[in-house]
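The values are calculated or read from the model by the stated rules, or taken from the named source; none is laboratory data. Keep in mind the model is a prediction, meaning the values are calculated, not measured. Because the Cβ atoms are built from the backbone with ideal geometry, glycine has one as well, and the counts that use them run over all protein chains shown. Heads up: the accessible areas ignore ligands, DNA and RNA and are worked out on the full protein's heavy atoms, side chains in. Shrake-Rupley method; radii C 1.70, N 1.55, O 1.52, S 1.80 Å.
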Amino acid sequence: MATVEERVKAITARKLGVDEIKMEDSFTADLGAESVDSIELVAMFEEEFGIEMDEDAALAVQTVGDAVKFIAEVCRQQGVEIES
Amino acid sequence: MRLILTDRSHEIRGKFSPLSLGRPLWDLRCGMSSLRERLVGRIRPGDVAYFVPDYMEEYYRTQVAEPVNDMTALAGHDLVILDPLVKADGLEISGKGKSEVGLDEQGRVLYARIGRGEVERLRGGNMDEFLASAKASLPNVACNLPVWQYTWDLVLANGEQLKADFEISGRSGIDGEVEEPAAIRGSRKDVYVAQGARIHPMVTLDAEHGPVYIDEGAEIHPFSRIEGPCYIGKKSILLGAKCREGNSIGPWCRIGGEVEESIIHGYSNKYHDGFLGHSYVGEWVNLGALTTNSDLKNDYSSVSVMLDGRRPIDTGSTKVGSLIGDHTKTSIGTLLNTGSYLGAMTLIMATGKPLPKYIPSFAWFIEGIATKGFGKGRLYETAKTAMSRRGCKWSAEAEAMWDAVFEMTAPERNAAIKKGRKMLFK
């Protein structure tokens with residue numbers, strides 16, 4: 001199983017059409033995500049990991065690294081197994 | 001006599017979704033007034049009390065001065081308990097006469113007349129139990145009173161109701177201000193411009209085929225054409241609108257573009273061009289520029305509407321437009337298919353194609369799919385902002401009611417979101 005970081009980066013790349021993604025990248029400033037993209041990214045992360053995220057908390061996440069941490073924490077809280 | 005209006009059946013309320021989600025059925029409109037105003041005007045009770053679904057009880061108390069879900073309101077009065085969907089026209093029920101319960105063919109209570117002496121003998125901790133007790137212990141009378149079946153019935157009847165209401169109002173003439181040049185077609189006695197209403201120059205009021213009633217403080221901007229029968233509510237503004245026949249608009253609406261045979265509740269905006277026909281629009285709705293709906297299929301067949309996201313209902317009519325719930329917003333260029341349902345608190349972002357015919361409440365429709373979007377909190381923030389712009393306040397009671405609607409509508413919304421996610425990953 002791929003790690004949370006690998007899976008988050010793969011989905012982000014697919015959704016935003018960006019080849020190289022770094023953990024410190026901001027979804028909006030560096031990767032060009034519009035608010036609509038953010039909504040779809042949240043939906044795609046939920047589907048990918050089989051989790052439910054609070055919209056406000058999820059959409060407050062700024063960087064790819066923060067998204068990895070946030071998703072890992074939600075997985076832990078919701079008992080979803082992940083590769084660290 | 002005290003009139004009791006009761007609206008407790010989830011099944012019947014579902015037939016008037018999404019408009020019923022945020023209001024009792026008697027606050028739906030037809031012609032120049034609400035169903036409640038029509039019934040009260042017809043029956044002329046001493047006073048009124050209401051029984052609403054539990055989830056809107058606290059909110060509705062903030063909206064009316066009369067008792068709400070208060071069983072003590074039954075004692076000490078001769079009562080007429082009425083299903084609010086009974087059509088007021090021709091209704092002959094008075095508080096005098098034998099106690100009895102009027103039932104339709106399916107056994108639904110359409111009315112109950114209960115003398116004050118009988119009230120004490122009936123049992124029930126709530127209105128549902130009380131009515132069941134009345135049905136069990138009082139004489140049952142078969143009756144075939146006409147009732148409103150679905151929201152589109154109100155839309156389709158609106159023109160005729162407008163004509164009747166204008167007649168009943170007894171109003172005629174110009175109490176407001178009509179700036180020249182203005183054109184009044186048809187008989188001037190079929191036009192009423194209320195005090196404080198202003199008709200700008202270059203406006204046509206066409207009463208040839210029905211009356212035009214422009215209520216207090218309304219403002220009609222140049223190049224608007226209003227075709228009767230039509231009612232423009234208090235403080236509404238028409239902005240060069242092509243207002244075709246059969247519209248009930250307002251109060252406090254902003255309307256442009258072309259509107260035909262539609263009912264629009266208060267504080268809703270359709271400021272710009274775009275067509276709205278045979279539609280019922282809730283309050284605090286904003287239709288973005290060029291939002292356009294179809295109300296007639298290309299093959300002229302009868303229109304079907306989905307009220308629950310699962311099963312289409314054949315309306316039996318070739319002309320049905322959109323049902324749009326309270327606080328829903330559409331983006332520029334939104335295209336609505338014939339017989340569309342947009343739930344309450346829905347946010348629509350156009351895709352360039354006609355939308356799916358059913359979009360559940362609280363969905364954010366983005367890039368062609370239903371999503372959770374930014375959640376209900378952001379929708380509430382938008383509602384607060386929109387309301388504050390008109391001097392109205394979002395309340396804790398309103399929020400609690402909409403929270404309940406959010407929960408009630410979760411199954412259909414979650415199903416739509418799930419379907420959307422499958423498309424997202426394709």
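Report ³J(HN,Hα) in whole Hz for each residue of region B:144-152, in order, from the Karplus equation J = 6.51 cos²θ - 1.76 cosθ + 1.60 where θ = phi - 60°; Gly and Pro get x. Ordered by residue, 3J(HN,Hα) equals 10, 5, x, 10, 6, 9, 9, 4, 5 Hz. Antiparallel beta bridges, as assigned by DSSP with both residues in region B:70-195, represent about 65 percent of the total such bridges. Averaged over the residues of A:29-39, the number of partner chain Cβ atoms lying within 10 Å of the residue Cβ comes to 2.
Under the combined filter of DSSP loop state and at most 16 neighbouring Cβ atoms within 10 Å, region B:209-283 retains these GluC sites (Glu not before Pro): B:E216. Across peptide B:354-366, the mean count of Cβ atoms from other chains lying within 10 Å of each residue's own Cβ comes to 1. Each residue, B:Q106 and B:K426, gets one label point 7 Å from its Cα in the Cβ direction; the gap between the two is 3.6 nm. Once you reduce region B:139-185 and region B:85-106 to the center of their Cα atoms, the two points are 22 Å from each other. With K and R counted +1 and D and E -1, the other residues having a Cβ less than 12 Å from that of B:A75 yield a net charge of -1.
Pairs of Cα atoms under 8 Å, at least six residues apart: use those to get the relative contact order of region A:4-77, whole percent. The partial results should precede the final answer.
Details: 66 pairs, mean separation 29.0, N = 74.
39 percent.
What does the charge count near B:E397 come to, summing +1 for each Lys or Arg and -1 for each Asp or Glu among other residues with Cβ under 11 Å from its Cβ? Could you put the intermediate results ahead of the total?
Numbers: positive: B:R61, B:K393; negative: B:E57, B:E58, B:E399, B:D403.
Result for the neighbourhood of B:E397: -2.
Could you tell me what percent of the accessible area of region B:2-148 is made up of carbon and sulfur, with a 1.4 Å probe and every protein chain present? Carbon and sulfur together cover 46 percent of it. Against chain A, whose longest principal axis comes from its Cα atoms, helix A:4-16 is set at around 40 degrees.
Apply the a/c threshold of 1.5 to the C-alpha gyration tensor of the protein assembly as shown and tell me whether it is rounded, prolate or oblate. Could the numbers behind the result be given before it?
On the way: a/c = 2.34, a/b = 1.41, b/c = 1.67.
In terms of gyration-tensor shape, oblate.
Principal-axis analysis of the Cα atoms of chain A puts helix A:64-77 at an angle of about 20° to the longest axis. Charged neighbours of B:Q63, selected by a Cβ distance under 12 Å, balance to -3 (K, R count +1; D, E count -1). Using a/c under 1.5 as the rounded threshold, could you call region B:2-148 rounded, prolate or oblate? The axes a ≥ b ≥ c are square roots of the C-alpha gyration tensor eigenvalues, and prolate needs a/b larger than b/c, oblate otherwise. Rounded, because the longest to shortest axis ratio a/c is under 1.5. In region B:59-114, taking the dipole from charged Cβ atoms about the Cα centre, the farthest positive-side position among B:A65, B:I93, B:V109 is held by B:A65.
When only DSSP loop residues count, what GluC sites (Glu not before Pro) in region A:1-61 have their Cβ near at most 15 other Cβ atoms within 10 Å? Walk me through the numbers before you get to the answer.
Numbers: sites: A:E5, A:E6, A:E20, A:E24, A:E34, A:E40, A:E46, A:E47, A:E48, A:E52, A:E55; in loops: A:E20, A:E24, A:E34, A:E52.
Of the GluC sites (Glu not before Pro), the ones in loops of region A:1-61 whose Cβ has at most 15 other Cβ atoms within 10 Å are A:E20, A:E24, A:E34, A:E52.
Please name whichever of A:L16, B:M401, B:G31 sits farthest to the positive end of the charge dipole of the protein assembly as shown, dipole taken about the Cα centre and charges placed at Cβ: Lys and Arg +1, Asp and Glu -1. Toward the positive end, the furthest listed residue is B:G31. Which of B:G240, B:G115, B:G22 ends up with the largest GNM mean-square fluctuation for chain B, with Cα atoms connected below 10 Å? Fluctuation is largest for B:G115.
Taking all protein chains as shown and a probe of 1.4 angstrom, B:M1 keeps an accessible surface of around 60 Å². Near B:T371, the amide H atoms lying under 5 Å from its own belong to B:W364, B:F365, B:I366; only residues 5 or more places off or on other chains count, and H is placed 1.01 Å from N.
Working from Cα pairs under 8 Å separated by at least six residues, relative contact order for chain B is 10 percent. In region B:266-377, Cα pairs under 8 Å separated by at least six residues give a relative contact order of 22 percent.
Peptide B:43-51: average number of partner chain Cβ atoms within 10 Å per residue? Walk me through the numbers before you get to the answer.
Working: counts 0, 0, 0, 0, 0, 0, 0, 0, 0.
The mean count of partner-chain Cβ atoms within 10 Å per residue comes to 0.
Quick one: accessible area per residue over chain B, 1.4 Å probe, rounded to a whole number of Å²? Working shown, then result.
Details: 17730 Å² over 426 residues.
Per residue, chain B has an accessible area of 42 Å².
Taking a point 7 Å out from the Cα of B:R390 in the direction of its Cβ, the residues of region B:56-96 whose backbone N falls within less than 19 Å of it are B:59-64.
Peptides B:316-327, B:162-173 ranked from most to least packed by the mean count of surrounding Cβ atoms within 10 Å: B:316-327, B:162-173.
Of all aspartates and glutamates in the structure, those lying under 12 Å Cα to Cα from B:K353, and not within fewer than 8 positions of it along the same chain, are B:E367. The distance from the alpha carbon centre of region B:376-426 to that of region A:4-77 is 23 Å, rounded to a whole number. Taking a threshold of 19 Å on the Cα-Cα distance, which of the pairs B:K372/B:K418; B:K329/B:K384; B:K87/B:K163; A:K9/B:K419; B:K15/B:K242 fall above it? In this structure, A:K9/B:K419; B:K15/B:K242 lie more than 19 Å apart at Cα.
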